[in-house]
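The structure appears below as structure tokens.
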Amino acid sequence: MKKAFIFDFDGTLAETFPVFELAISAAFKNLGAKMPSMEEIFASFGPCEIGIFKKFCGSRGDEFFREYIRCTAEVLKTYNLRAFDGLEGVLEDIVKAGYKTALITGKSKESLELTLNAIGFGRFFPVRRWGDESGSIKPKNLRDVFAELGITASEAYYVGDSVQDVRDCKEVGVDILSAGWADCARIADLQKEGPTAILRSVGDLRRYI
């Protein structure tokens, strides 16, 4: 019997990559540095943003990260970041049905709080875990959340959009509902990994409540 839903953020709750691109571009411009290509930056995903900045900016990594967070806050003042249509109602139904909820993301705590507040979903996720500058730690975070919620892996669903999410969930033995509702969803790649299910719309989540 399932007792919890654990969600990813980027590409699952909201399409946040435009905010990321605007903020990181502004940070490099403001600090007078040549920015790597977005392809290079995306290829470095795994660590949270401070780890990415330390990779590309060396000893100035902390400085660039602080500027990136400042720029993220500035971008969010004018960029209308919104959750995917229908998610608020689904999350309300999940909570009303008595499920425990948590959020696990690979982004930094600072950028998580900014973007989560922007979409107004903080109330849904009392338990949160974020990334680390050393690299991906989602399997560890999943195990920590299971312990905090007082559940086993078999009693939860993880909802995430990436291929790596599928691999991480298989590592810890939790069922993954792959979120395929974003425009950038990699459906064919997800199918190759064999998640528990691929959900093409937010409404498909209701079948699992």
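CYS71 meets all of the listed conditions (1) more than 23 Å from GLN164 (Cβ to Cβ); (2) of a type outside the set (Val, Ile, Thr); (3) buried (at least 16 other Cβ atoms within 10 Å of the Cβ); (4) in the same structural domain as SER136 (by TED's automatic domain parsing) but one, namely (4). Pairs linking a residue in the range 25-37 that is assigned by TED's automatic domain parsing to the domain that holds GLY61 and within 16 Å of LYS55 (Cα to Cα) to a residue that is surrounded by 13 or more Cβ atoms within 10 Å (Cβ to Cβ) and among the β-branched types (Val, Ile, Thr), with Cβ atoms under 9 Å and 6 or more positions apart or on different chains, are ALA27/ILE69; ALA27/THR72; MET35/ILE24; MET35/ILE41. Within the range 133-151, which residues are modelled with pLDDT of 95 or more and among the charged types (D, E, K, R)? Residues satisfying the conditions are LYS138, LYS140, ARG143, ASP144, GLU148. Among the residues making up the range 39-64, those that are assigned to a helix (DSSP H, G or I) and under 18 Å from the mean Cα position of the chain (by Cα) are ILE41, PHE42, ALA43, GLU49, ILE50, GLY51, ILE52.
Within the range 60-95, which residues are hydrophobic (A, V, I, L, M, F, W, C) and touching a strand residue (DSSP E or B) at 6+ places or on another chain (Cβ under 7 Å)? Quick ask: steps written out before the conclusion?
At the first step, the residues of the range 60-95 found to be hydrophobic (A, V, I, L, M, F, W, C) are 64-65, 69, 71, 73, 75-76, 81, 83-84, 87, 90-91, 94-95.
Selection gives LEU81, ALA83, PHE84, ILE94, VAL95.
The values are calculated or read from the model by the stated rules, or taken from the named source; none is laboratory data. From a predicted model like this one, the values you see are computed outputs, not experimental measurements. Note: ideal-geometry Cβ built from the backbone for every residue, glycine included; neighbour counts use all protein chains shown.
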